[in-house]
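The values are calculated or read from the model by the stated rules, or taken from the named source; none is laboratory data. Everything quoted here is computed from the prediction, not taken from an experiment. Quick reminder, even Gly has a Cβ in these numbers, built from the backbone with ideal geometry, and neighbours come from all protein chains shown. Calculation scope for accessible area: heavy atoms of the full protein, side chains included, ligands and nucleic acids excluded. Shrake-Rupley method; radii C 1.70, N 1.55, O 1.52, S 1.80 Å.
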Amino acid sequence: MSKLSNILLMMEYLQSGRKYSVKELATKLEVSERQIRSYKDDLEQAGIYVDTIMGPYGGYVLNQTIRMPVRKFKKKDREFIVDLR
């Protein structure tokens, strides 16, 4: 996946309110743990602050509500994307 889609997906996971370890997020997004830390930095540069819980049972948690646009494609949109291939 692209960097942007990975960051959006990571944000969706964190919006659940659940704490995710860096390792869990890396596994879910199929990237390295280092890349997850980079995505966190990118989110914070965009004004979306991810809390870090330190320690052996630590991880990332999002303590704010972010309004995400709904990703719905119409049939016309899908056909356009398929035609681009």
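A few notes on this one:
- Lysine pairs with alpha-carbon atoms under 16 Å apart, the chain, spacing 8 or more or separate chains: 6
- Helix runs (DSSP H) in the chain reaching 20 Å along axis by Cα, Kyte-Doolittle at least 1.0: none
- Accessible solvent surface per residue of the chain, calculated while the other protein chains remain in place, 1.4 angstrom probe, Å²: 78 Å²
- Computed from the C-beta positions of Met54 and Gln15 and an R0 of 30 Å, the FRET efficiency is 0.90 to the nearest 0.05.
- Going through (i) 12.6, 45; (ii) 13.2, 37; (iii) 14.9, 49, the figure that equals Rg and Dmax of the Cα atoms in Å as computed for the structure here is (iii).
- Distance from the range 41-60 to the range 1-31 (C-alpha centre basis), Å: 11 Å
- Within the chain, the longest run free of exposed loop sites, counting chymotrypsin sites (Phe, Trp or Tyr not before Pro) that sit outside DSSP helix and strand states (H, G, I, E, B) and have at most 13 other Cβ atoms within 10 Å, spans 1-48.
- Applying the criteria of a DSSP loop state and at most 10 other Cβ atoms within 10 Å to the trypsin sites (Lys or Arg not before Pro) of the range 1-71 yields Arg67, Arg71.
- Note on Lys75 and Ser32: the model spin-label points, each 7 Å out from Cα along the C-beta direction, lie 4.6 nm apart.
- For the chain, the carbon plus sulfur part of the accessible surface works out to 52%, probe radius 1.4 Å.
- Rounded to the nearest 20 debye, the dipole magnitude of the chain is 380 debye, with +1 charges on Lys and Arg beta carbons, -1 on Asp and Glu beta carbons, and the Cα centre as origin.
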